[in-house]
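Worksheet: one structure, shown below.
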Amino acid sequence: MNEINSEKDSFSHVSVMLNEAVDGLNVQPGGVYVDGTAGGGGHSFEIASRLGTDGRLICIDRDPDAIKAATGRLEQFGNVTIVHSTFADIKTVLNGLSVDKVDGVLLDLGVSSRQLDTPERGFSFHYDAPLDMRMSQDGISAYDIVNNAPAGELVRILSVYGEEKFAKNIVREILSQRSKKPIETTFELAELVKNAYPMKARKKGHPARKTFQAVRIAVNSEMEQLERGLQESFDVLNVGGRLSVITFHSLEDRMVKHAMSQWCKGCTCPPDFPVCVCGNKPKARLVNRRAIEPSEAELLDNNRARSAKLRVCERIL
Ligand SMILES: C[S@@+](CC[C@H](N)C(=O)[O-])C[C@H]1O[C@@H](n2cnc3c(N)ncnc32)[C@H](O)[C@@H]1O
């Protein structure tokens, strides 16, 4: 965990559902808040602006470039601490700062436009670049997974994380290619996926979209991060504190919806028990019954918001 205090950078990312997500936190002047996915600091800036000088904002990101950008964007605020870590480690981050409980946590999941649009980060099939996709710029890369993962693991990654119907065809193509030479670039992977796709199925968007999403999720352990991050974030909330989460695909949204509904339900007795014997009480309430989606106006401005969903819950026990 590194604390970084100053460095400027330009970071082009339009914050998704900026007001809706920060409204969801119900920011109170003097409160303590965490932005677990600081990125370019857009949501953080809005939180810090509503906080007043007595409050505190702790910003986390796993990407060193985002840390630089957020540091520059937020330098005018004296009550913002920026920490290079993951939101799955939010308890450790808070412990390190001697903070016990907080009044709100925001998670704006996935990658930033800056990450997607920096060709050499290897997140996008629109640019030719080495297969990388590591948000933290550390650890195993897309190259390692695509070239070294066993066939069964690749099929699982593509089917589960990409919900890719043609996972087996694609993996067959990957195995055949990598037996001749390693698959080194985004364009090589995108081309190979295209070749593995049946003609009829090539109409809806780029065939490599789901594969790139799946490999990125695997490289960054995104589902494991989310599962732990949600629970740790909820655990550190004060009663009355809010958790506001923006997701970008159905896997993430399902996990967030399920976690929130478990906290709201409380009781863990099997459904066929006539009366509750566990005695567990609801720990949360949903602030909005349904997920909030971006307005038409936002979608006209920012096409990347199109699959976003916002869910907010409040701790009540
Ligand atoms: C969609 S962007 C956030 C943009 C930000 N809300 C803004 O308004 O500028 C997502 C950011 O979350 C970071 N991120 C993704 N998973 C993370 C994790 N598990 N822990 C910490 N940061 C993470 C990414 O590196 C990226 O910078």
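The values are calculated or read from the model by the stated rules, or taken from the named source; none is laboratory data. Just so you know, these numbers come straight off a predicted model, no measurement behind them. Cβ placement follows ideal geometry from the backbone for every residue including glycine, while neighbour counts extend to all protein chains displayed.
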Worksheet item: within 12 Å of the ligand (Cβ to nearest atom), outside any loop (DSSP other than H, G, I, E, B), at pLDDT 95 or above and more than 22 Å from GLU222 (Cα to Cα) - does that describe any residue in the range 23-43?
Response: no
Item to complete: Return the pairs, sorted by first residue and then second, in which the second residue is of a type in the set (Lys, Arg) and part of a helix (DSSP H, G or I), the first residue lies in the range 79-95 and is assigned by TED's automatic domain parsing to the domain that holds LEU106, the beta carbons are less than 8 Å apart, and the residues are 6+ apart or on different chains.
Response: ALA88/ARG228
Worksheet item: In this structure, does PRO119 turn out to be in the same structural domain as VAL287 (by TED's automatic domain parsing) and more than 9 Å from the ligand (Cβ to nearest atom)?
Response: no
Worksheet item: Hey, ASP54 hits all of (1) under 24 Å from VAL111 (Cβ atoms); (2) in a loop (DSSP other than H, G, I, E, B) but one; which does it fall short on?
Response: (1)
Worksheet entry | Which listed residue is in a strand (DSSP E or B) and either within 12 Å of the ligand (Cβ to nearest atom) or at pLDDT 95 or above (or both), from THR71, THR81 | THR81
Worksheet item: Which one is surrounded by the most Cβ atoms within 10 Å (Cβ to Cβ), of the residues in the range 150-169 that are of a type in the set (Asp, Glu) and under 15 Å from SER250 (Cβ atoms)?
Response: GLU164
Worksheet item: Does GLY42 meet the test of being out of contact with any Asp or Glu (no Cβ under 8 Å at 6 or more places or on another chain) and on the phi > 0 side of the Ramachandran plot?
Response: no
Worksheet item: Does the range 55-68 contain any residue that is surrounded by 24 or more Cβ atoms within 10 Å (Cβ to Cβ), within 8 Å of the ligand (Cβ to nearest atom) and either free of Cβ contacts under 8 Å to residues at least 24 places away in the same chain or of a type in the set (Gly, Ala, Ser) (or both)?
Response: yes
Discussion item. Please go through the range 245-258 and give me each residue that is more than 24 Å from ASP132 (Cα to Cα) and surrounded by 22 or more Cβ atoms within 10 Å (Cβ to Cβ), ordered by number.
Written reply: VAL245, ILE246, VAL256
Worksheet item: Would you pick out the residues in the range 85-111 that are touching a strand residue (DSSP E or B) at 6+ places or on another chain (Cβ under 9 Å) and within 13 Å of the ligand (Cβ to nearest atom)?
Response: SER85, THR86, PHE87, ASP89, ILE90, VAL93, VAL105, LEU106, LEU107, ASP108, LEU109, GLY110
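Table: residues versus (1) in a helix (DSSP H, G or I); (2) of a type in the set (A, V, I, L, M, F, W, C).
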position	(1), (2)
THR268	no, no
ASP272	no, no
ASN280	no, no
ARG285	no, no
ARG290	no, no
PRO294	no, no
LEU299	yes, yes
ARG304	yes, no
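Residues checked against (1) charged (D, E, K, R); (2) surrounded by 22 or more Cβ atoms within 10 Å (Cβ to Cβ); (3) within 11 Å of the ligand (Cβ to nearest atom); (4) outside the structural domain of GLN28 (by TED's automatic domain parsing):
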{"residue": "ARG202", "(1), (2), (3), (4)": "yes, no, no, yes"}
{"residue": "HIS206", "(1), (2), (3), (4)": "no, no, no, yes"}
{"residue": "LYS210", "(1), (2), (3), (4)": "yes, yes, no, yes"}
{"residue": "ALA214", "(1), (2), (3), (4)": "no, yes, no, yes"}
{"residue": "LEU226", "(1), (2), (3), (4)": "no, yes, yes, no"}
{"residue": "ASP235", "(1), (2), (3), (4)": "yes, no, no, no"}
{"residue": "GLY240", "(1), (2), (3), (4)": "no, no, no, no"}
{"residue": "LEU243", "(1), (2), (3), (4)": "no, yes, no, no"}
